[in-house]
Amino acid sequence: MDYEKDFPALLKTLRKEVGKTQKGIAAEIGINERVYQRYELGENAPGYAMIPRLADALGVSINALYGRENK
(Lines give C-alpha, C1' and ligand atoms only; values in the text may rest on other atoms or scores of the structure.)
Protein backbone atom coordinates (compact mmCIF):
# COMPACT_ATOMS: atom_id res chain seq x y z
CA MET A 1 0.00 0.00 0.00
CA ASP A 2 1.24 3.45 -0.88
CA TYR A 3 0.20 5.07 2.39
CA GLU A 4 0.14 8.66 1.15
CA LYS A 5 -1.91 7.75 -1.90
CA ASP A 6 -4.22 5.11 -0.40
CA PHE A 7 -4.83 6.41 3.13
CA PRO A 8 -7.53 8.98 2.24
CA ALA A 9 -9.69 6.42 0.45
CA LEU A 10 -9.15 3.83 3.19
CA LEU A 11 -10.13 6.35 5.86
CA LYS A 12 -13.31 7.27 4.00
CA THR A 13 -14.21 3.60 3.45
CA LEU A 14 -13.70 2.74 7.12
CA ARG A 15 -15.76 5.72 8.23
CA LYS A 16 -18.64 4.80 5.96
CA GLU A 17 -18.51 1.16 7.09
CA VAL A 18 -19.13 2.23 10.68
CA GLY A 19 -21.88 4.63 9.60
CA LYS A 20 -20.32 7.81 10.94
CA THR A 21 -20.18 11.26 9.38
CA GLN A 22 -17.07 13.36 8.93
CA LYS A 23 -18.46 15.78 11.48
CA GLY A 24 -19.10 12.94 13.95
CA ILE A 25 -15.60 11.50 13.64
CA ALA A 26 -14.05 14.96 13.93
CA ALA A 27 -15.99 15.68 17.12
CA GLU A 28 -15.13 12.27 18.56
CA ILE A 29 -11.39 12.75 18.07
CA GLY A 30 -11.39 16.44 19.03
CA ILE A 31 -10.59 18.20 15.77
CA ASN A 32 -12.37 20.58 13.42
CA GLU A 33 -14.50 18.98 10.72
CA ARG A 34 -12.49 20.74 7.98
CA VAL A 35 -9.26 19.23 9.31
CA TYR A 36 -10.81 15.77 9.11
CA GLN A 37 -12.12 16.46 5.59
CA ARG A 38 -8.57 17.27 4.54
CA TYR A 39 -7.47 13.84 5.76
CA GLU A 40 -10.03 12.17 3.49
CA LEU A 41 -9.12 14.45 0.58
CA GLY A 42 -5.42 13.69 0.99
CA GLU A 43 -4.60 17.36 1.53
CA ASN A 44 -3.22 16.69 5.02
CA ALA A 45 -2.20 13.59 6.91
CA PRO A 46 -2.89 12.97 10.58
CA GLY A 47 0.06 13.21 12.92
CA TYR A 48 1.29 10.23 14.88
CA ALA A 49 -0.69 11.24 17.97
CA MET A 50 -3.92 11.31 15.95
CA ILE A 51 -3.62 7.77 14.53
CA PRO A 52 -4.68 5.94 17.73
CA ARG A 53 -7.62 8.32 18.16
CA LEU A 54 -8.76 7.65 14.60
CA ALA A 55 -8.39 3.91 15.06
CA ASP A 56 -10.48 4.00 18.24
CA ALA A 57 -13.19 6.15 16.63
CA LEU A 58 -13.39 3.77 13.67
CA GLY A 59 -13.19 0.61 15.77
CA VAL A 60 -10.11 -0.73 13.99
CA SER A 61 -6.50 -1.40 14.87
CA ILE A 62 -3.73 1.02 14.08
CA ASN A 63 -2.37 -1.53 11.60
CA ALA A 64 -5.71 -1.51 9.79
CA LEU A 65 -5.40 2.26 9.36
CA TYR A 66 -2.07 1.67 7.69
CA GLY A 67 -3.62 -0.96 5.43
CA ARG A 68 -1.52 -3.71 6.99
CA GLU A 69 -4.27 -6.07 8.09
CA ASN A 70 -7.88 -6.92 7.51
CA LYS A 71 -10.36 -5.12 9.72
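The values are calculated or read from the model by the stated rules, or taken from the named source; none is laboratory data. In this text, all values refer to a predicted model and were calculated from it rather than measured experimentally. Note that each Cβ is placed from the backbone with ideal geometry, even for glycine, and that neighbours are counted across all protein chains shown. Each accessible area value is taken on the protein alone, full model and side chains, heavy atoms only, with ligands, DNA and RNA left out. Shrake-Rupley method; radii C 1.70, N 1.55, O 1.52, S 1.80 Å.
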TODO: Given the conditions (1) touching a Leu at 6+ places or on another chain (Cβ under 9 Å); (2) in a loop (DSSP other than H, G, I, E, B); (3) not hydroxyl-bearing (Ser, Thr, Tyr), report the number of the one that residue 14 does not fulfil.
DONE: (2)
- [ ] Could you list all residues from the range 46-66 that are touching a residue at least 40 places away in the same chain (Cβ under 8 Å) and surrounded by 14 or more Cβ atoms within 10 Å (Cβ to Cβ)?
- [x] 54, 58, 60, 64, 65, 66
- [ ] Provide a single number: the residues in the range 14-32 that are open to solvent by 20 Å² or more (accessible area, probe 1.4 Å) and under 17 Å from residue 4 (Cα atoms).
- [x] 0
Open item on the list: Just to verify a result, which residue in the range 33-45, among those that are among the acidic types (Asp, Glu) and open to solvent by 40 Å² or more (accessible area, probe 1.4 Å), is modelled with the lowest pLDDT?
Closed with: 43
